[in-house]
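Only one structure is covered here, and it is reproduced in the block below.
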Amino acid sequence: MKVVGLTGGIGSGKSTVLKMFQELGAETFVADIEAKKLMNTNKELIKDIKQLLGEQAYINNELNRSFISKVVFNNKEKLMALNKLVHPKVAEHFKKFIKK
């Protein structure tokens, strides 16, 4: 099995290449999508995010993306802290995906 990482800047064609891989039958893992899923389903992560950003981080048990964006993109420390919570969970999730 080969694992290929697809990266690039905005407008570089990542989505086009991803679609090509999918059309060829490759299993794909889109970290941004998986991170959002985990932020809405992983109880430990939800608790940690609420502890970091407050209860307003979730509305009706759903991630309040607009609130979080306003907080973290105006505060580099909060952004770094949020990334320290989310990134390890995504990496762990990716390892499980690879094993599957």
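Okay, here's what the table says:
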read-out	value
Residue within segment 45-56 that is within 12 Å of the chain's Cα centre (by Cα) and either modelled with pLDDT of 95 or more or of a type in the set (Ser, Thr, Tyr) (or both) present	yes
Selection count where residues are open to solvent by less than 100 Å² (accessible area, probe 1.4 Å), over 11 Å from residue 52 (Cβ atoms) and either within 13 Å of the chain's Cα centre (by Cα) or of a type in the set (Phe, Trp, Tyr) (or both), scope segment 66-82	1
Condition broken by residue 46, with the remaining ones in (1) farther than 27 Å from residue 79 by Cα; (2) open to solvent by less than 40 Å² (accessible area, probe 1.4 Å) satisfied	(1)
Residue match in segment 15-25 (condition: farther than 29 Å from residue 98 by Cβ, open to solvent by 50 Å² or more (accessible area, probe 1.4 Å), more than 15 Å from the chain's Cα centre (by Cα) and free of Cβ contacts under 8 Å to residues at least 60 places away in the same chain)	no
In segment 49-58, the residues that are part of a helix (DSSP H, G or I), open to solvent by less than 30 Å² (accessible area, probe 1.4 Å) and either out of contact with any Phe, Trp or Tyr (no Cβ under 7 Å at 6 or more places or on another chain) or under 19 Å from residue 91 (Cβ atoms) (or both)	49, 53
Subset of segment 85-96 [in contact (Cβ under 8 Å) with a residue 24 or more places away in the chain and open to solvent by less than 50 Å² (accessible area, probe 1.4 Å)]	85, 86, 89, 90
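The values are calculated or read from the model by the stated rules, or taken from the named source; none is laboratory data. It should be emphasised that the depicted structure is a prediction, and the values quoted were computed from it without experimental measurement. Backbone-built Cβ (ideal geometry, glycine too); neighbour counts: all protein chains shown. Remember, those area values only see protein heavy atoms, side chains included, never the ligands or the DNA or RNA. Shrake-Rupley method; radii C 1.70, N 1.55, O 1.52, S 1.80 Å.
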